[in-house]
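Trainee: I'd like to ask you about the structure that follows.
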Amino acid sequence: MTENNNKQKDLFNKHQCRYDSFAADSYVQEYTMRMFWSRFVDVLKDSNSILEVGCGGHTNFVKLGDLGISPGTYDGVDISDKLVEMFEQNTPDSSTGYCADFTSQAFDPGKKYDCLLFIGVLHHMTKSLDAALEKCSELVKDGGHVVFVEPNVAFLDFARRIWYRFSDEFDDENERALSIEEITDLCENHGFSNIKKEFCGNAGFFVACTHEILKLPWFARKLLFRPLFHLDVLLAKLNWKYISAQHISVWKNNGRPIAPPVDSAS
Ligand SMILES: C[S@@+](CC[C@H](N)C(=O)[O-])C[C@H]1O[C@@H](n2cnc3c(N)ncnc32)[C@H](O)[C@@H]1O
């Protein structure tokens, strides 16, 4: 494992205890279900086998259950051994949690999936984005899908960079927001075509999902959540990248990686 990936492992081993409280938070649940999950739930419903990349604990597995989705196979891979342990403890025996660096050539679950799910994860692999997409095309069945929910570089990135740089809850060597154009290039170069690109996450996102990092007191959340949530629902209809903290994109594996440009010298 590279030094960079060890850094991610140490960071998430240290902060793993946060996952249970995050999963139990009703504002987080309501916000993420309505603003994020509803946009790709149809793809998950059609997938009999799902690999959650950077699965963390088991929070997303619980969400799937809340949505009434129970795929034949729901596996997870994460670089943090402590989080994989949580995943294994809280998912059925039919699920496998792999402790591995997803971008490593050595990672091989020995099967292909209908869907790979990345919820806030690709932007932790910025030193190996090409390797990550290479692994996606290796592990997604022809006609299968990849879903990315990632922080949007087009929105307040200067503030995010300062925040990542000075907070010990982030690893600014490996983590940075991504542009939808960067994801598009990566996906298209690895044989994926776009099904959906959407933007969302305005003021309500910060109140609902980043309250621990912003140290928002409970009464501020109680007061602000409902009006800002409704405002975000309206703003999301604009689908405008410059006002949105996140982008969601869904990609289909065409099974035909686009050939790299021919080197004219050879
Ligand atoms: C922000 S957390 C998201 C966790 C989960 N997807 C969720 O929505 O709660 C990012 C996760 O990616 C994992 N991760 C980072 N780099 C990784 C890598 N190279 N391979 C596998 N997992 C990785 C971290 O350990 C962490 O659990």
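Trainee: Please state which one of SER94, SER47 is in contact with a Cys (Cβ under 8 Å, 6 or more places away or on another chain) and in a loop (DSSP other than H, G, I, E, B). Spell out how you get there, then give the answer.
Mentor: Numbers: SER94 fails: in contact with a Cys (Cβ under 8 Å, 6 or more places away or on another chain).
Just one listed residue meets the conditions, SER47.
Trainee: Can you confirm whether ARG221 is modelled with pLDDT under 95, out of contact with any Lys or Arg (no Cβ under 9 Å at 6 or more places or on another chain) and in a helix (DSSP H, G or I)? Please lay out each step first, then the result.
Mentor: On the way: modelled with pLDDT under 95: yes; out of contact with any Lys or Arg (no Cβ under 9 Å at 6 or more places or on another chain): yes; in a helix (DSSP H, G or I): yes.
Taking the combined requirement at face value, the residue satisfies it.
Trainee: Please report, ordered by residue number, the helices (runs of 4 or more DSSP H) entirely within segment 105-204 with at least 1 residues that are under 14 Å from the mean Cα position of the chain (by Cα) and small (Gly, Ala, Ser).
Mentor: The qualifying helices (runs of 4 or more DSSP H) are 129-139.
Trainee: Considering only residues that are more than 9 Å from the ligand (Cβ to nearest atom) and either of a type in the set (Val, Ile, Thr) or without any contact (Cβ under 8 Å) to a residue 24 or more places away in the chain (or both), which ones fall in segment 99-137?
Mentor: The answer is ALA106, ASP108, GLY110, THR126.
Trainee: When segment 56-91 is examined, which residues are found to be part of a loop (DSSP other than H, G, I, E, B), small (Gly, Ala, Ser) and either within 12 Å of the ligand (Cβ to nearest atom) or free of Cβ contacts under 8 Å to residues at least 12 places away in the same chain (or both)?
Mentor: Narrowing segment 56-91 to residues part of a loop (DSSP other than H, G, I, E, B): 56-58, 67-72, 79-80, 91.
Next cut, small (Gly, Ala, Ser) only: 56-57, 68, 70, 72, 80.
Passing the criteria: GLY56, GLY57, GLY68, SER70, SER80.
Conditions (1) assigned to a helix (DSSP H, G or I); (2) at pLDDT below 90; (3) within 11 Å of the ligand (Cβ to nearest atom); (4) surrounded by 14 or more Cβ atoms within 10 Å (Cβ to Cβ), marked per residue:
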| residue | (1), (2), (3), (4) |
| --- | --- |
| PHE12 | yes, yes, yes, yes |
| GLN16 | no, yes, yes, yes |
| PHE22 | yes, yes, yes, yes |
| THR32 | yes, no, yes, yes |
| ASP42 | yes, no, no, no |
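Trainee: While we're looking at this one, here's another question. Checking ASN194 against (1) loosely packed, with under 15 Cβ neighbours inside 10 Å; (2) touching a Ser or Thr at 6+ places or on another chain (Cβ under 8 Å); (3) at pLDDT below 95; (4) farther than 22 Å from SER167 by Cβ: exactly one of these is not met. Which one?
Mentor: That leaves (3) as the condition not met.
Trainee: Would it be correct to say that VAL147 is of a type in the set (A, V, I, L, M), surrounded by 16 or more Cβ atoms within 10 Å (Cβ to Cβ) and over 24 Å from THR59 (Cα atoms)? Spell out how you get there, then give the answer.
Mentor: Values: of a type in the set (A, V, I, L, M): yes; surrounded by 16 or more Cβ atoms within 10 Å (Cβ to Cβ): yes; over 24 Å from THR59 (Cα atoms): no.
No; evaluated as a whole, the condition is false for this residue.
Trainee: So how many residues does segment 138-149 have that are more than 10 Å from the ligand (Cβ to nearest atom) and over 15 Å from GLY191 (Cα atoms)?
Mentor: If we filter segment 138-149 for residues that are more than 10 Å from the ligand (Cβ to nearest atom), which is where we start, we get 138-148.
Checking which are over 15 Å from GLY191 (Cα atoms) leaves us with 148.
Counting residues in segment 138-149 that are more than 10 Å from the ligand (Cβ to nearest atom) and over 15 Å from GLY191 (Cα atoms) gives 1.
Trainee: Determine if segment 90-102 includes at least one residue that is at pLDDT 95 or above, under 20 Å from ILE248 (Cα atoms) and acidic (Asp, Glu).
Mentor: Checked against the condition, which is being at pLDDT 95 or above, under 20 Å from ILE248 (Cα atoms) and acidic (Asp, Glu), segment 90-102 yields no hits at all.
The values are calculated or read from the model by the stated rules, or taken from the named source; none is laboratory data. Computed from a prediction, not measured in an experiment: that's the story for all the values here. Every residue, glycine as well, gets a Cβ built from its backbone with ideal geometry; the counts of neighbours run over all protein chains shown.
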